[in-house]
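Structure record follows, encoded as structure tokens.
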């Protein structure tokens, strides 16, 4: 069943898509009419954002589907796949922008129109607002695809800022008759490509780690989970604890030791209590898999000393 967080995430993804479509059209049209290589490069970047926004919408829709026989751990990783696609589209856009900008440096140079500068400035303001909105909500409701979209928006801010600087310098070169400044529009396009490439690598790395079943290892992050488990009556020791990130939720695998003389039914009740306690204490915990071992004073199941 869809939650308010799911609804909020999908609504924001749709807003991102609509704004990116509008920005792509405006940047492309103004860039062509004003002969600004930097703004055209920025339009290509925004075009990649459109594809990325669509991927996020699809990923969020799939991720909210409940677990089934084929996907017992749920569909949360669809959102991570969407975040990876955003990174991939950004990477492709960076290569295309970089190639076009470098090629333009070997052609006759003309200064772009002032409309290109106004368009780049407007894009900076809009995308900075989108960055803060996506980042704040994405972190709050644990949606990695929205966080990826936030970084995507921030890369747009940097690229539009670089484009604006290049456009202004090129216009200044024409007005004050400084020929080498005319090249700054094309140089700005190349700088945009490098900025986009950096963001693409960051987004892709953050999304791929959970896809490879990375577990939470930091003691400070595991401590709250341990604190809940050890206070469950009947738990003598935590033998092993793994927490896997699935995007908007986590899956917990834990091995606990209970008194060796407990019956199977008593051990099962302790495990069930651990599961309920974890899901109550941590809203992000979707499921808890508990393995029960017999507790022997000073040793674990394999004869190793307890911590």
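Values quoted throughout were computed directly from the atomic coordinates according to the rules given, and no laboratory measurement underlies them. The structure displayed is predicted, hence computed values, not measured ones. Cβ coordinates were reconstructed from backbone atoms using ideal geometry, including for glycine residues, and neighbour counts include every protein chain displayed.
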key: Spacing of the two label points (7 Å from each Cα toward its C-beta) at residue 240 and residue 221, in nm   = 1.9
ask   = Stokes-Einstein at 37 °C, 0.692 mPa s, Kirkwood radius from Cα pairs: D for the range 1-54 in µm² s⁻¹?
value = 274
query = Distance in nm between label sites at residue 121 and residue 276, each 7 Å beyond Cα in the beta-carbon direction?
reply = 6.3
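Given a Förster distance of 51 angstrom, what is the FRET efficiency for residue 15 paired with residue 268, based on the Cβ-Cβ distance and rounded to 0.05? Each step should come with its number before you reach the end.
Working: r = 47 Å, r/R0 = 0.93.
E between residue 15 and residue 268, to the nearest 0.05, is 0.60.
Which of 143, 244 comes first, and how do the rest follow, when ranked by fewest Cβ neighbours within 10 Å?
Details: 143 30, 244 16.
Ranking 143, 244 by Cβ neighbours within 10 Å, fewest first, gives 244, 143.
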request  = Give me the Kirkwood hydrodynamic radius of the range 219-295, using the inverse of the mean 1/r over all pairs of distinct Cα atoms, in Å to one decimal.
outcome  = 12.4
query = Under a point spin-label approximation (7 Å from Cα along Cα-to-Cβ), what is the residue 132-residue 172 distance to one decimal in nm?
reply = 2.8
note = Taking 0.36 nm per residue of separation between residue 92 and residue 7 and subtracting their Cα-Cα distance, the length gained on full extension comes to 27.6 nm
message = Could you list 237, 45 so that the one with the fewest beta carbons within 10 Å of its beta carbon is first and the one with the most is last?
response = 237, 45
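Using Cβ counts within 10 Å as a stand-in for footprinting exposure, how do 37, 5, 227, 236 rank, fewest first? List each step's numbers first, then the result.
Details: 37 31, 5 16, 227 10, 236 19.
Sorted ascending by nearby Cβ count, the order is 227, 5, 236, 37.
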request  = Highest first, please rank the peptides 88-96, 100-108, 258-266 by the mean number of other Cβ atoms sitting within 10 Å of their residues.
outcome  = 88-96, 100-108, 258-266
